[in-house]
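Peer 1: Starting off with a structure, shown below.
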Amino acid sequence: MPYETTEITPARIYLQPVAAPSILGLFGLSAATFMVAAHMAGWYGSAISGLYLAPFALIFGGIAQFLAAMWAFKARDGLATAVHGLWGSFWIGYGLLFFMFSRLGLAFPTGAFPELGYWFIVAGAITWVCAWASLGENVATFLVLVFLALGSTLEAIARLSGSMGDLHMAAGYALIVSALIAFYTATALMLAETYGKAVLALGKIQKGPLAPAISLGAGEPGVVRGQNLNLAPEASIR
């Protein structure tokens with residue numbers, strides 16, 4: 001019986017890395033949060049300023065950030081998916097809410113608004129949990145989420161109690177701090193990608209051997225978890 005040989009054909013795996021979705025997501029979060037929070041803090045505007053802010057919050061803070069969440073999902077980044085999915089949806093709802101009030105000829109409530117207050121409870125609760133999770137990544141993201149959660153919590157109390165004075169203003173200032181740190185974090189991510197090295201510090205947190213920062217997807221060759229990788233366009237294995 002003749003000896004049979006089997007020829008081994010190299011298999012080629014094509015990697016499809018994506019740009020860090022949180023660059024867009026954090027810039028969208030920063031812009032929408034800052035503009036609305038500055039109005040809450042009394043830096044500018046009037047009772048109808050929210051109507052002028054709504055379209056921009058809807059598009060950049062909402063739709064663009066929600067798209068970033070979907071790309072973060074593709075990058076297998078659960079934390080970014082949750083944060084940008086939550087706040088992208090929130091800013092879409094915020095914009096639509098103002099348009100609904102305008103369409104009905106009603107003024108947006110400037111006092112107690114429990115329906116919105118309970119939404120801030122939900123948003124704050126999820127953001128607090130995300131802040132906890134972010135301790136596994138870096139300090140910058142943790143600070144973004146802590147102040148975002150704090151501002152949401154204060155605004156929830158203000159909207160439920162009708163205390164729209166100092167408490168509402170304090171919520172605005174907490175959100176402004178979050179927006180500024182989000183701007184810094186997004187800038188740091190963008191510079192790291194364009195320069196190929198860390199330019200601005202994010203306060204990376206070292207992980208143990210059982211929780212690597214980047215890990216191959218189990219049973220998914222070519223799929224890599226994480227947002228900040230400089231991967232070759234293709235790789236081959238035998």
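Peer 1: Scan segment 102-111 and tell me whether some residue there is assigned to a helix (DSSP H, G or I) and of a type outside the set (D, E, K, R).
Peer 2: yes
Peer 1: Can you tell me which residue within segment 107-128, out of those that are free of Cβ contacts under 8 Å to residues at least 40 places away in the same chain and closer than 17 Å to Val36 by Cβ, is surrounded by the most Cβ atoms within 10 Å (Cβ to Cβ)?
Peer 2: The extreme case among them is Phe120.
Peer 1: If Gly162 satisfies every condition in (1) at pLDDT 95 or above; (2) out of contact with any Leu (no Cβ under 9 Å at 6 or more places or on another chain) but one, which is the exception?
Peer 2: The single condition Gly162 does not satisfy is (1).
Peer 1: Hey, another quick one. How many residues are surrounded by 23 or more Cβ atoms within 10 Å (Cβ to Cβ) and either assigned to a loop (DSSP other than H, G, I, E, B) or touching a residue at least 60 places away in the same chain (Cβ under 8 Å) (or both) if we restrict to segment 41-74?
Peer 2: The number of residues fulfilling the criteria is 1.
Peer 1: Return the residue satisfying two criteria in turn: it lies in segment 195-213 and is loosely packed, with under 11 Cβ neighbours inside 10 Å and not charged (D, E, K, R), and of such residues it is modelled with the lowest pLDDT.
Peer 2: Once the filter is applied, the top-ranked residue is Ala211.
Peer 1: Sort out which residues of segment 149-170 are out of contact with any Gly (no Cβ under 8 Å at 6 or more places or on another chain) and acidic (Asp, Glu), and write them in order of number.
Peer 2: Correct list: Asp166 only.
Peer 1: Do the conditions hold for Gly151, that is, is it within 16 Å of the chain's Cα centre (by Cα) and either assigned to a helix (DSSP H, G or I) or closer than 25 Å to Gly45 by Cβ (or both)?
Peer 2: Yes.
Peer 1: Need the failing condition index for Ile92 against (1) in contact (Cβ under 8 Å) with a residue 40 or more places away in the chain; (2) in contact with a Leu (Cβ under 8 Å, 6 or more places away or on another chain), just the number.
Peer 2: Status for Ile92: all satisfied but (1).
Peer 1: Mind listing whichever residues of segment 78-106 are surrounded by fewer than 19 Cβ atoms within 10 Å (Cβ to Cβ) and not hydrophobic (A, V, I, L, M, F, W, C)?
Peer 2: Scanning segment 78-106 gives Gly78, Ser89, Gly93, Ser102, Arg103, Gly105.
Peer 1: In addition: Do we find that Phe113 is touching a Pro at 6+ places or on another chain (Cβ under 9 Å) and not hydroxyl-bearing (Ser, Thr, Tyr) in this structure?
Peer 2: Here the answer is no, as Phe113 does not meet what is asked.
Peer 1: As an exercise: evaluate Ala192 against (1) modelled with pLDDT of 95 or more; (2) crowded, with 18+ Cβ neighbours inside 10 Å and give the number of the one condition it does not meet.
Peer 2: Failing condition for Ala192: (1).
Peer 1: Just to check your reading of the model, which residue among Ala140, Ala131 is farther than 21 Å from Val199 by Cα and crowded, with 20+ Cβ neighbours inside 10 Å?
Peer 2: Ala131
Peer 1: Here are some residues: Leu15, Leu51, Leu26. Which one is modelled with pLDDT under 95, touching a helix residue (DSSP H, G or I) at 6+ places or on another chain (Cβ under 7 Å) and not hydroxyl-bearing (Ser, Thr, Tyr)?
Peer 2: Leu51
The values are calculated or read from the model by the stated rules, or taken from the named source; none is laboratory data. Only a predicted model underlies this, so the values are computations on that prediction, with no experimental measurement involved. So basically every Cβ, Gly included, is an ideal-geometry build from the backbone, and we count neighbours across all protein chains shown.
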